[in-house]
Amino acid sequence: MSFAASAVIHRDHLRHNLGVVRAARPGARVMAMVKANAYGHGLVEVARALSGADSLAVARPEEAEALRAAGVDTDIVLLEGVFDAPGMATADALGCELVVHTPEQIALLAAHRADARFTVWLKVDSGMNRLGFPVAALNDAERALRDLPQVAELRLMSHYASADAGDGEQLAEQRKRLASRLARFEGAVSLANSPAALRAEALGDDAPPASDWIRPGVALYGVSPFAGVDAESLGLKPVMDFETRLIAVRDLVAGDRVGYGGRYTAKGPMRLGIAAAGYGDGYPRRMPDGTPVLVDGQGASIAGRVSMDMLGIDVTQVPNAHVGSTVRLWGAGLPAETVAQACDTIAYELVTRVSERVTRIYL
Ligand SMILES: *Cc1c(COP(=O)(O)O)cnc(C)c1O
């Protein structure tokens, strides 16, 4: 292993997690979310490892292009659809399934070559107010799409805003809004993201309808979508170990200050390790002192402001820490969820922002 930061990606854990999600919703088909570089894990490698998924979903046509160029032939869904005629041509050439969520997209489809045949996911907004036709506009949109020769198969998609929330209040509202309309829809339906798919297991709540297709993202990467419920208890295994090494170890005395702005001050004699990772690698600059890390498997904590390429670690409690010691920033033994809490974000953001210069090592 080099002294630079690396992200070790456990492909067997990806496959294991896919199995966990499948087991939670027997009979449902799985549209695996690989958008945003597979949540930072590496688009193409993850797509290949998830060849057992029924389809893959991305946010941008460029991501679909990269998958096809790499020879991935699994069905691909464009989660936001396309926005102009060249985008439509690309989607057609790549054989993508389209989400349609605006009247403009229906018009684009209608203007496309009449002998094209798309699987179209009609997106309905059940209360998140992000993408989709309002329930009241759904009939018209559905009729328009069913009339188009370019639509080979019409399916329905909606997204829950709060499936991870303990009280289930907004979830119940969205379900109510959808219920009667879904009963009248002829075709496959997809509703559940990771938290909705795993809700019964995690919260002992009743499971919201997942319908024919589930759309897990974060759970596939071994991250719990629920605050306060760890991934391990859901049977999930973390896919990414974000690691680096110590490149210096020094002794400090009381009053010594560490890093830019001197944010951390040594309270007494201490050992400080300098690790080769920083915000340039995607480890957030705003991480506070005391954020946990593992040094050669033992607990230690951040000391001083994170720099671009380096960060300081109080290794006083790790007497054997030395230049070359392995530093795990998150992964096995230190869930990204725990680290995310320290800086007031979610593990989704941490793993997705691991930067391009970080070598992904696929095991
Ligand atoms: C990203 C995304 C998902 C996956 O969400 P997770 O919480 O990561 O499981 C599902 N559906 C849509 C439309 C998404 O954009």
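The values are calculated or read from the model by the stated rules, or taken from the named source; none is laboratory data. The structure displayed is predicted, hence computed values, not measured ones. Note that we place each Cβ from the backbone using ideal geometry, even for glycine, and neighbour counts take in every protein chain shown.
Does VAL30 meet the test of being in a strand (DSSP E or B), within 13 Å of the ligand (Cβ to nearest atom) and either of a type outside the set (S, T, N, Q) or without any contact (Cβ under 8 Å) to a residue 60 or more places away in the chain (or both)? Judged against the criteria, VAL30 is a match.
Taken as a whole, the structure leaves GLY268 outside the set of residues that are surrounded by fewer than 22 Cβ atoms within 10 Å (Cβ to Cβ), part of a strand (DSSP E or B), at pLDDT 95 or above and among the small types (Gly, Ala, Ser). Just so you know, in the stretch 50-59 the residues that are without any contact (Cβ under 8 Å) to a residue 60 or more places away in the chain and within 24 Å of LEU350 (Cα to Cα) include one that is surrounded by the fewest Cβ atoms within 10 Å (Cβ to Cβ), and it is ALA59.
Quick check, is ASP309 among the acidic types (Asp, Glu), over 25 Å from GLU232 (Cβ atoms) and touching a strand residue (DSSP E or B) at 6+ places or on another chain (Cβ under 7 Å)? Here the answer is no, as ASP309 does not meet what is asked. Answer yes or no as to whether ALA179 is over 24 Å from ILE106 (Cα atoms) and either polar (S, T, N, Q) or within 15 Å of the ligand (Cβ to nearest atom) (or both). Judged against the criteria, ALA179 is not a match.
For every residue, the table says whether it meets (1) over 30 Å from ARG305 (Cβ atoms); (2) surrounded by fewer than 21 Cβ atoms within 10 Å (Cβ to Cβ).
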| position | (1), (2) |
| --- | --- |
| ASP167 | yes, yes |
| LEU171 | yes, no |
| ARG177 | yes, yes |
| GLY187 | yes, yes |
| GLU201 | yes, yes |
| ALA219 | yes, no |
| LYS237 | yes, yes |
| PHE242 | no, no |
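Scanning the stretch 43-78 for residues that are β-branched (Val, Ile, Thr) and either closer than 15 Å to ALA93 by Cα or not in a helix (DSSP H, G or I) (or both) yields VAL58, VAL72, THR74, ILE76, VAL77.
Within the stretch 87-126, the set of residues being surrounded by fewer than 22 Cβ atoms within 10 Å (Cβ to Cβ) and part of a loop (DSSP other than H, G, I, E, B) comprises GLY95, THR102, HIS112, ARG113, ALA114, ASP115, ALA116, ARG117.
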